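Q: Okay, here's the structure, questions in a sec.
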Amino acid sequence: MFAPNDDQQLLVDSARRFTQKHYADDKLGQMGENPLNTALWSEMAEAGWLMLPFAEADGGLQPEGQSGLGDCVSLFEVLGEGLVVEPVLASTILAGGLIAAAPASQQRADLIEGIVSGGAPIGVALHEPRARHDIWYCETRAEKSGDGWTLSGVKSLAHGAAAAETIIVLARIEGDPAPADHGGADGLGVFLVPADAQGVTVTPYRLRDDHWVADVALEGVRVGSEALLLGPGDAAEALEAVIDKARLLLAAEGTGIMRRLCLATQQYTADRKQFGVALASFQVLQHRMVDMSISFDQARSLVYEAVTHDLAGNQAEMVRAARAAYRAVSEDGVEVGKQAIQLHGGMGMSEELPMGRALRRLLAIRQAFPL
Amino acid sequence: MMEDEDLESFRAEVRAFLDAELPPEKRFAADGFANASKELTAWWQGVRAKRGWGAPGWPKQYGGCEWSLAKKRIFADESTKAGAPSYSPFGITMVAPVIYTFGTEEQKAEHLPHILDGSRFWCQGYSEPGAGSDLASLKTRAIRDGDDYIVNGQKTWTTQGHWADWIFCLVRTNTEVKQQSGISFLLIDMNTPGIEVRPIRTIDGMHHLNEVFFTDVRVPVSNRVGNENDGWTYAKFLLGNERAGIAGVTRTAGDLARLREWANSTEHFVDPPISDPKIAQRLDALDQRLSKLAALEARALEAPSQSLEAMRLVAPLKLLGTELSQDVSELALDIAGPAALPRPAENRVHPYGGEGEHAMSSFLFGRAQSIYGGTNEVQKNILAKMMAAGL
């Protein structure tokens, strides 16, 4: 089974030093005050974090034939532990994944170069209001007009879009969203839209986990033919693959959060005295913490299993394990978050400690791409 | 039969009262503590008091209703359905029964009318930084100085402490004896010099809780309820009295009914969430838990006050009621989906409506339910001790 190798362990150690410095407990309250902390974003690029998922040929880190999933998983565990709020997933995995899935072109090379070098993140507008998690329900339309396309509709909760110059928009080219099957995923296309194009209104806002998103309203937005990144047929398939990869990395992030919560709770109950003894001396609390720790180990095992299948070239098994890992974090991870607060008692309810922030992030992970 | 007709006419009376007195903009404006305001809470208490319905459980001689259990249920039930503001429990159901049971005539005359008409807010000074679950280890000290006590120490997790005009406090008046035997019950005016209230921001991003610091605060001995060093007895009496509302059956029933309606909505959702069998099953399971809880509560409330049976059922009501309420709010999150994620009151072109954000607020602040009033782990310890003693 996969375990971080020496290089990956170096990455973990340096990433951990970075988060301990910039995302220390007493600084967490200021995180997410702006859609992007550009200073930290540049440092992340310099550290090579934003190039991890890309092929060497595209300006990334990975030699031919390697996906870099093990590197990404190692990094995302630390991003979870550190409760990092910058849009690494949105820009490198979601947007980056869709861009990398498009046929090679100068445009593709430029976009990836922009991501890797720490330029403005690229947003992804998949969801729509009233559709809950169902990104395949897509009322936003793209109609052929002259050489290019005209886009109209409203996307919501677009990740990474709050600070983006370019937003990837999922729009319907064919089919009608009204019937029960919502017109099918095959009629969808993935488009590149400049955030400042005429007719685009980007409304950024912050989520409970201090990550920024935006609603993106498109009113007759005209884009060129090159804006169509992935057309009908290709778009759905690429998106499905990208989302499964995102699920895996969200699971890795979630296991990092679970690890932090387990350690913090162990420490707190060892220090905190009630009835003249440490809280950790009560068997019922010991068992609760054991359950938390087991949940963490199970979730991490599934994440590592997915990487193992990926290394062996078994994509179907990778996807199965990735989904199981995401589900483990969605269910057991949230449970760990709830228990961490319970075992911290009143202190767990206070924003002074990071327990609530961790639970809110786990809840956001659970609502991102549920199965 | 007579009684049933009586109850039905009472229900009609309550509905007519709510229709007449509660304008639409004040309905569902505050749900539990999540987004209550002091003004709204005080206003509604005043309106109820004017109608003679300010204190369902108090004896008539103090302005209460002395309603039967069934009538209290109907009133709470109709109020919930109408989206009436919730009352602040610290005065009406917590300190008032202690005052009219153990207080002096002067204390009754001084406090009960103001609690009843909503003109005076209270908060509870129990928990301390080092005394949470282990409440009896509290250290806030009251030292006798002539006709006053001089109080020094710190209370924490004080809900509505920033609203309160008065605080009822457990303080240590004797350090020489067993912990429980050296505690007194003081009523303290929050405007007394030496009191400082500092906000605690909670994980829902709101300000409900506070720290309250006491530095050489002079409190007249006449503000002590009952005997010196008997405070623990009154505190236990107060906890035993809480069983009426502790399970939150009416509120949770209202929440569940609204949740079911919401899960069926095609206005908020393209596909009603209830069409997902996992959501439907969870709703059914929560309904079943509510039925079990309601039956247990009915039995507990019929048991004579302060009886062994009543005491034995308080902890299960608290345990089950808080866990059920927490799980209802968690299902609300999953029904809302991503709409639960935005921070409240952010300005967006395409608002999701408050439901999702409200679900998240309830879920987050609701984590406190299994912590306050004695953690659920402590409740189980109490039960285990009672069982071991053969009770």
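The values are calculated or read from the model by the stated rules, or taken from the named source; none is laboratory data. Everything quoted here is computed from the prediction, not taken from an experiment. Methodologically, a virtual Cβ is constructed for each residue, glycine included, from the backbone with ideal geometry; neighbour enumeration extends over all protein chains shown.
Q: Among the residues of the range B:128-148, what is the count of those that are over 31 Å from the mean Cα position of the chain (by Cα) and not in a strand (DSSP E or B)?
A: Of the residues in the range B:128-148, 2 are over 31 Å from the mean Cα position of the chain (by Cα) and not in a strand (DSSP E or B).
Q: To continue, here is another question. Which residues, taken from the range A:63-107, are without any contact (Cβ under 8 Å) to a residue 12 or more places away in the chain and in contact with a helix residue (DSSP H, G or I) (Cβ under 6 Å, 6 or more places away or on another chain)?
A: Hit for the range A:63-107 is A:P63, nothing else.
Q: So, one more: If we keep just the residues of the range B:200-222 that are surrounded by fewer than 16 Cβ atoms within 10 Å (Cβ to Cβ) and more than 24 Å from B:S88 (Cα to Cα), which is nearest to the other protein chains (Cβ to nearest Cβ)?
A: Residue satisfying both the conditions and the ranking: B:T215.
Q: Can I ask one more? On the basis of being closer than 30 Å to B:I335 by Cα and either hydrophobic (A, V, I, L, M, F, W, C) or in contact with an Asp or Glu (Cβ under 6 Å, 6 or more places away or on another chain) (or both), does A:L69 make the cut?
A: So A:L69 does not fit the description; no.
Q: Hey, could you check the range A:334-365 for residues that are at the interface with chain B (Cβ under 9 Å from one of its Cβ atoms) and over 22 Å from A:R288 (Cα atoms) and say which is surrounded by the most Cβ atoms within 10 Å (Cβ to Cβ)?
A: The qualifying residue surrounded by the most Cβ atoms within 10 Å (Cβ to Cβ) is A:A364.
Q: Please indicate, with yes or no, whether at least one residue in the range A:262-270 is surrounded by 19 or more Cβ atoms within 10 Å (Cβ to Cβ) and among the polar types (S, T, N, Q).
A: Checked against the condition, which is being surrounded by 19 or more Cβ atoms within 10 Å (Cβ to Cβ) and among the polar types (S, T, N, Q), the range A:262-270 yields at least one hit.
Q: Are there strands (runs of 3 or more DSSP E) fully within the range A:78-163 with at least 3 residues that are away from chain B (no Cβ under 14 Å)? List them.
A: Qualifying strands (runs of 3 or more DSSP E): A:141-145, A:148-159.
Q: Find the residue count for the range B:126-172, including only residues that are under 21 Å from B:T93 (Cα atoms) and within 14 Å of another protein chain (Cβ to nearest Cβ).
A: The qualifying residues number 9.
Q: Hey, any hits in the range B:237-250 for a residue that's touching a Gly at 6+ places or on another chain (Cβ under 8 Å) and either among the hydroxyl-bearing types (S, T, Y) or modelled with pLDDT of 95 or more (or both)?
A: No, the range B:237-250 contains no residue that is touching a Gly at 6+ places or on another chain (Cβ under 8 Å) and either among the hydroxyl-bearing types (S, T, Y) or modelled with pLDDT of 95 or more (or both).
Q: State which residue is farthest from the other protein chains (Cβ to nearest Cβ) when the search covers only the range A:194-211 and only residues that are in contact with a Gly (Cβ under 9 Å, 6 or more places away or on another chain) and crowded, with 18+ Cβ neighbours inside 10 Å.
A: A:A195
Q: Let me ask you something else. Looking at the structure I just gave you, is A:A214 buried (at least 24 other Cβ atoms within 10 Å of the Cβ) and more than 21 Å from A:P370 (Cβ to Cβ)?
A: Spelling it out, A:A214 is indeed buried (at least 24 other Cβ atoms within 10 Å of the Cβ) and more than 21 Å from A:P370 (Cβ to Cβ).
Q: Among (1) within 13 Å of chain B (Cβ to nearest Cβ); (2) within 15 Å of the chain's Cα centre (by Cα); (3) over 25 Å from A:L36 (Cα atoms), which single condition is A:A278 missing?
A: In the conditions (1) within 13 Å of chain B (Cβ to nearest Cβ); (2) within 15 Å of the chain's Cα centre (by Cα); (3) over 25 Å from A:L36 (Cα atoms), A:A278 misses (2) alone.
Q: Let me ask something else. Would you list the strands (runs of 3 or more DSSP E) that sit entirely within the range A:184-297 and hold 1 or more residues that are closer than 20 Å to A:R361 by Cα?
A: A:200-206, A:212-223
Q: Can you confirm whether A:L75 is closer than 21 Å to A:F369 by Cβ, touching a strand residue (DSSP E or B) at 6+ places or on another chain (Cβ under 9 Å) and buried (at least 22 other Cβ atoms within 10 Å of the Cβ)?
A: Criteria not met by A:L75.
Q: Based on what the data block shows, is B:E176 surrounded by fewer than 16 Cβ atoms within 10 Å (Cβ to Cβ) and assigned to a loop (DSSP other than H, G, I, E, B)?
A: yes
Q: Got at least one residue in the range B:235-249 being surrounded by 20 or more Cβ atoms within 10 Å (Cβ to Cβ), at positive phi and not assigned by TED's automatic domain parsing to the domain that holds B:F168?
A: yes
Q: On the basis of being over 18 Å from B:L209 (Cα atoms), assigned to a helix (DSSP H, G or I), at the interface with another protein chain (Cβ under 7 Å from one of its Cβ atoms) and modelled with pLDDT of 90 or more, does B:L333 make the cut?
A: yes
Q: Could you tell me which numbered condition A:L248 fails, if it satisfies all but one of (1) within 11 Å of another protein chain (Cβ to nearest Cβ); (2) touching a Lys or Arg at 6+ places or on another chain (Cβ under 9 Å)?
A: Unmet for A:L248, out of (1) within 11 Å of another protein chain (Cβ to nearest Cβ); (2) touching a Lys or Arg at 6+ places or on another chain (Cβ under 9 Å): (1).
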